[in-house]
Amino acid sequence: MAGDGYRVGVLGATGLVGTTILELLAQRNFPIAELRPLASERSAGKQIEWGSKSLTVQAVSEDSIQGLDLVLSSAGGSVSAEWTPKIVEAGAVVVDNTSYWRMHDDVPLVVAEVNPDALEGHKGIIANPKPLYDAAGIERLVISTYQAVSGTGKGAIDALRAEARAVVGGYDVPPAEIYPHQIAFNVLAQAGSFPDGDDHTDEERKLINETRKILGDAEIKVSATCVRVPVETGHSETVNVETREPLDPERARELLAAAPGVTVVDDPAAGRYPMAIDAAGKDDVFVGRIRRDPGNERALDIWVVSDNLRKGAATNAIQVAELLIARDLLTRSSPLGKDAGRPK
């Protein structure tokens, strides 16, 4: 990443993912000439500390999006739908963390370690078990996710804490506002909402469709159940993967251990397996409990955990931006010094 820095906007800068993006931009020494935090009118004027600098949040507008090379967006689907085309028209590339663009045919859906070649030929918008697929093919996936409340936003974390304090303290639990029911000390058989006429949630439909798009295989059969659990950070999932060719657990473990961005933690007899509390604050995807499905000789059961704010969103977005630079797919609007805007 040598050379001059880039003018970078972070849309949704005051949200959970946005603040994580800002932290990681500094930690990963992303080449920045100017950093511009963008958010709604409600957040405009807020000060954000970034290294030794204090940055002022700007309301996203026709003026504030001008002159940017790259925008990392996590402001929600409706905001992305309205502003992403305008940002691209203004000359920037948008790496979008929302779900709005993910299934558009002309928008690559990229996981940095899985399908980086999908970036080639992008049109300005890039939306965010591969080793097993490459080795043996995948016939079918049965996935159950256990999703942390931070995936919903800061209000959900506040609600979980308030409800937990009430239960532990013996007080009346405040009425549920974020979710249909109390989340503290509970599990909700619903992550996302139910579209009219659909018995799957939008989260489950996204998981089904996006899995096929990322792996580039529309023929994979996917069954998904997404539930919400009283965990602040770290999504977990069980994955039953039926391969097209034989694959034993030992070989699967070797393939996953060798994959970039994956850490295998798999000694269950000693109590060693991935946990959300350990994955929080880390960029890798943690995999364990790798074993044969006793009812299917071509299927494996796997347990997967990752920090949904980092690898599930912020880290992958920055890794995609780094790939754009490495592949010379990101241009600069002006030759500003690479250390301008760099935290000291």
Residue among 35, 55, 72, 119 that is surrounded by 22 or more Cβ atoms within 10 Å (Cβ to Cβ), hydrophobic (A, V, I, L, M, F, W, C) and either more than 26 Å from residue 207 (Cβ to Cβ) or modelled with pLDDT under 80 (or both):
35
Out of the residues in region 75-103 that are of a type outside the set (A, V, I, L, M), at pLDDT 85 or above and buried (at least 19 other Cβ atoms within 10 Å of the Cβ), which is nearest to the chain's Cα centre (by Cα)?
84
Failed condition for residue 274, given (1) at positive phi; (2) at pLDDT 95 or above:
(1)
Residue ID - modelled with the lowest pLDDT, chosen from residues in region 317-341 that are crowded, with 16+ Cβ neighbours inside 10 Å and touching a helix residue (DSSP H, G or I) at 6+ places or on another chain (Cβ under 8 Å):
330
So if I check each of 14, 20, which one is assigned to a loop (DSSP other than H, G, I, E, B), out of contact with any Asp or Glu (no Cβ under 8 Å at 6 or more places or on another chain), surrounded by 19 or more Cβ atoms within 10 Å (Cβ to Cβ) and of a type outside the set (Phe, Trp, Tyr)?
14
Residues that are open to solvent by less than 70 Å² (accessible area, probe 1.4 Å) and more than 14 Å from residue 33 (Cα to Cα), drawn from region 58-69:
59, 60, 61, 64, 65
Go through the residues of region 223-236 one by one and say whether even a single one is assigned to a helix (DSSP H, G or I) and touching a strand residue (DSSP E or B) at 6+ places or on another chain (Cβ under 7 Å).
no
The condition from (1) loosely packed, with under 15 Cβ neighbours inside 10 Å; (2) modelled with pLDDT of 85 or more that residue 184 misses is numbered (1)
Quick check: anything in region 306-315 at pLDDT below 95, among the acidic types (Asp, Glu) and more than 17 Å from the chain's Cα centre (by Cα)?
no
Only one of 79, 60, 71 is farther than 23 Å from residue 322 by Cα and in contact with a helix residue (DSSP H, G or I) (Cβ under 7 Å, 6 or more places away or on another chain), namely 60
Is region 218-241 home to any residue that is modelled with pLDDT under 95 and open to solvent by 60 Å² or more (accessible area, probe 1.4 Å)?
yes
Of the residues that sit in region 246-271 and are at pLDDT below 95 and open to solvent by 80 Å² or more (accessible area, probe 1.4 Å), which one is nearest to residue 137 (Cα to Cα)?
246
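The values are calculated or read from the model by the stated rules, or taken from the named source; none is laboratory data. None of these values were measured; they are calculated from a predicted model. Virtual Cβ from ideal backbone geometry, glycine too; neighbours counted across all protein chains shown. The area values use the complete protein model at the heavy-atom level, side chains included, leaving out ligands, DNA and RNA. Shrake-Rupley method; radii C 1.70, N 1.55, O 1.52, S 1.80 Å.
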